[in-house]
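Enquirer: Attaching a single structure in structure tokens format; questions to follow.
The values are calculated or read from the model by the stated rules, or taken from the named source; none is laboratory data. Everything numeric in this text was worked out from a predicted model, so none of it was measured. Every residue, glycine among them, receives a Cβ derived from its backbone with ideal geometry; neighbour counts consider all protein chains shown.
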Amino acid sequence: MARYVYDFTQGRRDMADLLGGKGANLAEMTRLGLPVPPGFTVTTEACRAYLSTGGEPAGLWREISAHLTAVETTAGRLLGQPDDPLLLSVRSGARFSMPGMMETILDIGLNDESVLGLAKVSGNERFAWDSYRRLVQMFASIVMGVESAHFERAIGDLKAERGVRDDVHLTAGDLAGLVGTFKELVHRETGEYFPQSPAEQLRRAVLAVFASWNGERARLYRRREHIADDLGTAVNVQRMVFGNLGPDSGSGVAFTRDPATGRPGLYGDYLPDAQGEDVVAGIRNTVTLTDLEHLDPGSHARLRAHMETLERHYRDLCDIEFTIERGTLWMLQTRVGKRTAEAAFAIATGLADEGLITSDEALARVGGDQLARLMFPRFDTSQTGDPLARGLPASPGAAVGAAVFDSAEAVRRAAAGEKVVLVRQETTPDDLPGMIAAQAVLTSRGGKTSHAAVVARGMGKVCVCGAEELAVDIEQRRFTASDGTVVEEGTVVSVDGSTGSVYAGPVPLTDSAVIRFLENGSTDEDTTGVADAVARLLARADSVRRLEVRANADTPEDAARARRFGAQGVGLCRTEHMFLGERRKLVEAMILACDESEREDTLAALLPLQRADFTGILAAMDGLPVTIRLIDPPLHEFLPDRTDLAVRIATAEARGTLPDPRDTELLAAVDRMHEENPMLGLRGVRLGLVVPGLVAMQVRAIAEAVVERTRAGGSPRAEIMVPLVGAVEELRIEREEVERVLHDVSRKSGVTVHCPVGTMIELPRAALTAGRIAKEAEFFSFGTNDLTQTTWGFSRDDVEAAFFSAYLDKGIFSASPFETLDRDGVGRLVRIAVDEGRAARPDLKIGVCGEHGGDPDSVHFFHAAGLDYVSCSPFRVPVARLEAGRAAL
Ligand code: PEP
Ligand code: MG
């Protein structure tokens, strides 16, 4: 038969699955000889048995009784003993901390008789009646289901009657009267009397804590924190100690290091003459541990010694709850403590320096998400009010600027030195100049892989997207929040891309020392030492990782920055980004060309521009691979908006003038090229196969850039990548064209241009036929944005804002598959493609360049799947380096 109860002397730290985090750590402290009030833990297994049958597991009470006897023997008194009662606390404690989400019942063992005994032995009548009052209230609401509000109302009535404001002004007699009122209330509400039997109190309290695992609060919390629903909670039953017995008593919380900065040295709060709950509730102002040293030097010295013991034993920052009962120190809880990102880095390197952990352990203790948080300027959130709106936190960081409603205005104001936030319903490639000029981009539509989000992340620009509560009126140049606040153009707003919050007015910023270090390699100006810690752990990650890290970069500036951040090449250069701005006219002309020669003319005009782009990127990444992807999106993305054209034509007609013939021509082209489902239409390799001359122009520009760089003494390493291939035949035909042009340029220039030709794997069919495709590809790069889109059948531009929050709430997935790779589905396709691709071509180089390449969890998957590299936006390069190192540990 299962064993359901463990004494604190029988458990260990590594038994958290069975004893919960709190129970395992209480046992560990007991084993270390620290002063822990005696007690025992009822296991999570007992909870699971209770939840599955709805009844008390067989044999449970017999085991609890035996352990209770042991605690009573140690204490030399019985639970609820009338003249000197032993009292117990009954607390929840799951495997993963769920602060405040489940129930706790204190002072079990008090009844009409033992309250008198407690008053006598404590010499404090008021304390005894107040404890009894708390027990009746907690027990009745948690175990017997009486609405808490009834008790609150009774307390309120009594205070009004006595003419006092605070509970502390109620006398022992008042509280004794209140206990009577409470007991009547319980009888009236339930038809049952408050149980006087201490054993019955204990038995029912344990089961009620089990049941609280399925309380609404707890369920919601688990869903948000991705904690499994079937773990159950353990229950810790422990002798009560009291911090509220007078000035020589008190309760406190403490950390072995500062959890905000990671600096060594004790850190904590103490509240004299109070119970633990009062410290957390913040009812009275606490004092520091230094003050405790003056109040009670003995307890302070013992606390200090115990904390040192704990930190050395756990080899990490520990947090602690303690109580001093009439000069005796008791340790009530410890665990490895939560900390800020900054502290995580400082503590990991600090502990390594002290020899407590190895450098690999230090690396394992920090994460890419923490590093990302350190890289962006942050808002000082202590100074913010309620946000105007919340959207999707699409690209982290904090930005303040005047709201502007179109790209041109953003550029104009930025050129005049003003900081601006570009606000749009959604962005298009046309908005790029405005996005570059702005501090942040805010949209009311679109998900985390919407244009605004992807581009902003690529630029390391703050972005909140899909803030649907905002009514954005571009015409009137203002937006309205759901509370009616109207923000006109020019009004300052603050955008927090880490939380998705948008604030009216400026919120102060704090700078990131880490970004300064990553940009210029110096940690000198960093007074907190966090940049130094980041530098050391990144160096460690670089020395152990197998995965290479490249960057997605489309400009020489981005490529250069990525290189400073440690990128080992460009894994994706999206060439279509080079068709914007001034060049649109040329692209339009190419699309509208009536005949072969007109098309060739426009392509010839584009050629030198593309060549200059590639030359710049190859120079910035000299000696390192640069994967250049041939044009991917449907051409009509480069034409003007249909509605704008139609309006222009209609306005001209209304004025009685002839519309601009170019507008008419463009409108006809837009209509001709319209696709209901452009993401599944004429794009990627399909475009290269049906639009004559386009691929040849791009390849020629690449090859000539290679020649130019070679002649300049550089080591250009261009790679040519074909997007959206679904069949090997597509790649074979396109590849022949690519090689024909490379050969031609080599022959004419006298410089041998060799560029490996590879393909993106971004369609399920490509993954499933990877063995055949590999015959024509020298490398694969997984385009996991499209692969996720096509595997799930989710439109990457629409679904996140449309219904992902409902899917997350329902637990259909725990993170957006566009952010964190779906291992079961998309991941399976990745593995098939890796295996079959390598079987066909053992030296096949394989990487990923979708957004997942910079996502910490996904990086671990790509390491395990045997990829050679990940490629991500420049600002995520350090994150990917760190995670690639951690994955290799
Ligand atoms: C992808 O699909 O993952 C990819 C990198 O290409 P894009 O995002 O440009 O479609
Ligand atoms: Mg793609």
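Enquirer: Could you tell me whether residue 181 is assigned by TED's automatic domain parsing to the domain that holds residue 137, surrounded by fewer than 20 Cβ atoms within 10 Å (Cβ to Cβ) and under 17 Å from residue 126 (Cα atoms)? Before you say what the answer is, go through the steps one by one.
Expert: On the way: assigned by TED's automatic domain parsing to the domain that holds residue 137: yes; surrounded by fewer than 20 Cβ atoms within 10 Å (Cβ to Cβ): yes; under 17 Å from residue 126 (Cα atoms): yes.
Spelling it out, residue 181 is indeed assigned by TED's automatic domain parsing to the domain that holds residue 137, surrounded by fewer than 20 Cβ atoms within 10 Å (Cβ to Cβ) and under 17 Å from residue 126 (Cα atoms).
Enquirer: So in the stretch 623-653, with the set limited to residues that are surrounded by 16 or more Cβ atoms within 10 Å (Cβ to Cβ) and over 26 Å from residue 786 (Cβ atoms), which one is nearest to ligand 2 (Cβ to nearest atom)?
Expert: 645
Enquirer: Hey, can you tell me all the residues within the stretch 787-829 that are in contact with a Leu (Cβ under 8 Å, 6 or more places away or on another chain) and either of a type in the set (D, E, K, R) or at pLDDT 95 or above (or both)?
Expert: The answer is 787, 788, 790, 791, 800, 826, 827, 829.
Enquirer: Here's something else I'd like to know. Quick check on my filter: what residues within the stretch 129-145 are more than 38 Å from the chain's Cα centre (by Cα) and outside any helix (DSSP H, G or I)? I'd like the intermediate steps shown before the answer.
Expert: Of the residues in the stretch 129-145, the ones more than 38 Å from the chain's Cα centre (by Cα) are 129-137, 140, 144.
Once the filter is applied, which keeps residues that are more than 38 Å from the chain's Cα centre (by Cα) and outside any helix (DSSP H, G or I), the stretch 129-145 yields only 144.
Enquirer: Which residue, of 885, 847, is crowded, with 16+ Cβ neighbours inside 10 Å and within 16 Å of ligand 2 (Cβ to nearest atom)? Let's see the steps before the verdict.
Expert: Details: 885 fails: within 16 Å of ligand 2 (Cβ to nearest atom).
Answer to the check: 847.
Enquirer: Right, another one. Go through the stretch 603-622 and give me each residue that's in a helix (DSSP H, G or I) and either surrounded by 20 or more Cβ atoms within 10 Å (Cβ to Cβ) or in contact with a strand residue (DSSP E or B) (Cβ under 6 Å, 6 or more places away or on another chain) (or both). Let's see the steps before the verdict.
Expert: First, pick out the residues of the stretch 603-622 that are in a helix (DSSP H, G or I): 603-620.
Matches in the stretch 603-622: 603, 606, 610, 611, 613, 614, 615, 617, 618, 620.
Enquirer: Another one. Take the residues of the stretch 769-786 that are aliphatic (A, V, I, L, M) and in a loop (DSSP other than H, G, I, E, B): which is farthest from ligand 1 (Cβ to nearest atom)? Steps first, answer last, please.
Expert: Applying the first criterion (aliphatic (A, V, I, L, M)) to the stretch 769-786 yields 770, 773-774, 777.
Pick out the ones that are also in a loop (DSSP other than H, G, I, E, B) and you get 774, 777.
Values: 774: 19, 777: 16 Å.
So the residue we want is 774.
Enquirer: Would you pick out the residues in the stretch 860-877 that are touching a residue at least 40 places away in the same chain (Cβ under 8 Å), aliphatic (A, V, I, L, M) and either away from ligand 1 (no atom under 15 Å from the Cβ) or not assigned by TED's automatic domain parsing to the domain that holds residue 560 (or both)? Give the derivation first.
Expert: The initial filter retains those residues of the stretch 860-877 that are touching a residue at least 40 places away in the same chain (Cβ under 8 Å), namely 861-863, 867-877.
From the residues that got through so far, the ones that are aliphatic (A, V, I, L, M) too are 867, 870, 877.
Within the stretch 860-877, 877 is the sole residue that qualifies.
Enquirer: Can you confirm whether the stretch 726-737 contains a residue that is in the same structural domain as residue 784 (by TED's automatic domain parsing), under 45 Å from the mean Cα position of the chain (by Cα) and within 16 Å of ligand 1 (Cβ to nearest atom)?
Expert: Within the stretch 726-737, one or more residues are in the same structural domain as residue 784 (by TED's automatic domain parsing), under 45 Å from the mean Cα position of the chain (by Cα) and within 16 Å of ligand 1 (Cβ to nearest atom).
Enquirer: Out of (1) modelled with pLDDT under 95; (2) surrounded by 23 or more Cβ atoms within 10 Å (Cβ to Cβ); (3) over 11 Å from residue 256 (Cβ atoms), what's the single condition that is false for residue 338?
Expert: Only one criterion is unmet by residue 338, namely (2).
Enquirer: Oh, and also: Is it the case that the stretch 567-581 has a residue that's over 29 Å from the mean Cα position of the chain (by Cα), away from ligand 1 (no atom under 16 Å from the Cβ) and over 28 Å from residue 853 (Cβ atoms)?
Expert: The answer is no, given that none of the residues of the stretch 567-581 is over 29 Å from the mean Cα position of the chain (by Cα), away from ligand 1 (no atom under 16 Å from the Cβ) and over 28 Å from residue 853 (Cβ atoms).
Enquirer: Would you please list the contacts, defined by Cβ atoms under 7 Å and residues six or more apart or on different chains, that run from a residue in the stretch 758-784 that is under 13 Å from residue 724 (Cα atoms) to a residue that is away from ligand 1 (no atom under 16 Å from the Cβ) and of a type in the set (Lys, Arg)?
Expert: Qualifying pairs under 7 Å: none.
Enquirer: Scan the stretch 607-618 and give yes if some residue there is under 35 Å from the mean Cα position of the chain (by Cα) and within 16 Å of ligand 2 (Cβ to nearest atom), otherwise no.
Expert: no
Enquirer: Consider the stretch 788-798. How many of its residues are in a helix (DSSP H, G or I) and either over 19 Å from residue 428 (Cβ atoms) or without any contact (Cβ under 8 Å) to a residue 60 or more places away in the chain (or both)? Don't jump to the end; show me each part of the working.
Expert: Here is the first cut: in the stretch 788-798, the residues in a helix (DSSP H, G or I) are 788-792.
The next check asks that each one be either over 19 Å from residue 428 (Cβ atoms) or without any contact (Cβ under 8 Å) to a residue 60 or more places away in the chain (or both); those that pass are 788, 790-792.
Qualifying residue count for the region: 4.
Enquirer: Also, I was wondering about something else. Among the helices (runs of 4 or more DSSP H) lying completely within the stretch 634-748, list those that include at least 1 residues that are touching a Phe, Trp or Tyr at 6+ places or on another chain (Cβ under 8 Å) and at positive phi.
Expert: Numbers: elements: 642-654, 661-673, 685-690, 694-711.
Fully inside the stretch 634-748 and qualifying: nothing.
A quick yes/no check of all residues on (1) of a type in the set (D, E, K, R); (2) more than 16 Å from ligand 2 (Cβ to nearest atom); (3) under 30 Å from residue 828 (Cβ atoms); (4) buried (at least 23 other Cβ atoms within 10 Å of the Cβ):
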site: 680; (1), (2), (3), (4): no, no, yes, no
site: 690; (1), (2), (3), (4): no, yes, no, no
site: 744; (1), (2), (3), (4): yes, yes, no, no
site: 770; (1), (2), (3), (4): no, yes, yes, yes
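Enquirer: With the checklist (1) without any contact (Cβ under 8 Å) to a residue 60 or more places away in the chain; (2) surrounded by fewer than 22 Cβ atoms within 10 Å (Cβ to Cβ); (3) of a type outside the set (Lys, Arg); (4) in contact with a Phe, Trp or Tyr (Cβ under 9 Å, 6 or more places away or on another chain) in hand, flag the one item residue 189 doesn't pass.
Expert: Exception for residue 189: condition (4).
Enquirer: When residue 586 is evaluated against the numbered criteria (1) of a type in the set (A, V, I, L, M, F, W, C); (2) buried (at least 20 other Cβ atoms within 10 Å of the Cβ); (3) more than 16 Å from ligand 1 (Cβ to nearest atom); (4) modelled with pLDDT under 95, which criterion, by number, is the only one it fails?
Expert: (2)
Enquirer: Would you pick out the residues in the stretch 485-513 that are under 21 Å from the mean Cα position of the chain (by Cα) and either surrounded by fewer than 17 Cβ atoms within 10 Å (Cβ to Cβ) or among the polar types (S, T, N, Q) (or both)?
Expert: Within the stretch 485-513, 494, 498, 499, 501, 509, 510, 511, 512 qualify.
Enquirer: Would it be correct to say that residue 829 is within 16 Å of residue 780 (Cβ to Cβ), within 16 Å of ligand 2 (Cβ to nearest atom) and either more than 22 Å from the chain's Cα centre (by Cα) or without any contact (Cβ under 8 Å) to a residue 12 or more places away in the chain (or both)?
Expert: Numbers: within 16 Å of residue 780 (Cβ to Cβ): yes; within 16 Å of ligand 2 (Cβ to nearest atom): yes; either more than 22 Å from the chain's Cα centre (by Cα) or without any contact (Cβ under 8 Å) to a residue 12 or more places away in the chain (or both): yes.
For residue 829, the condition - within 16 Å of residue 780 (Cβ to Cβ), within 16 Å of ligand 2 (Cβ to nearest atom) and either more than 22 Å from the chain's Cα centre (by Cα) or without any contact (Cβ under 8 Å) to a residue 12 or more places away in the chain (or both) - is met.
Every residue, every condition in (1) among the charged types (D, E, K, R); (2) within 13 Å of ligand 2 (Cβ to nearest atom); (3) over 14 Å from residue 858 (Cα atoms), yes or no:
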| position | (1), (2), (3) |
| --- | --- |
| 781 | no, yes, yes |
| 785 | no, yes, no |
| 799 | no, no, yes |
| 803 | no, no, yes |
| 806 | no, no, yes |
| 810 | yes, no, yes |
| 813 | no, no, yes |
| 818 | no, yes, no |
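Enquirer: Going by the structure shown, is residue 57 within 13 Å of residue 236 (Cβ to Cβ), assigned to a loop (DSSP other than H, G, I, E, B) and not assigned by TED's automatic domain parsing to the domain that holds residue 205?
Expert: Values: within 13 Å of residue 236 (Cβ to Cβ): no; assigned to a loop (DSSP other than H, G, I, E, B): yes; not assigned by TED's automatic domain parsing to the domain that holds residue 205: yes.
It is false that residue 57 is within 13 Å of residue 236 (Cβ to Cβ), assigned to a loop (DSSP other than H, G, I, E, B) and not assigned by TED's automatic domain parsing to the domain that holds residue 205.
Enquirer: Output the number of the condition that residue 324 fails; it satisfies all remaining conditions of (1) at pLDDT 95 or above; (2) under 24 Å from residue 303 (Cβ atoms); (3) surrounded by 24 or more Cβ atoms within 10 Å (Cβ to Cβ); (4) within 23 Å of the chain's Cα centre (by Cα).
Expert: (4)
Enquirer: Also: Return yes or no: is residue 210 among the aromatic types (Phe, Trp, Tyr) and at pLDDT below 95?
Expert: On the way: among the aromatic types (Phe, Trp, Tyr): yes; at pLDDT below 95: no.
Considered against the rule, which asks whether it is among the aromatic types (Phe, Trp, Tyr) and at pLDDT below 95, residue 210 comes out as no.
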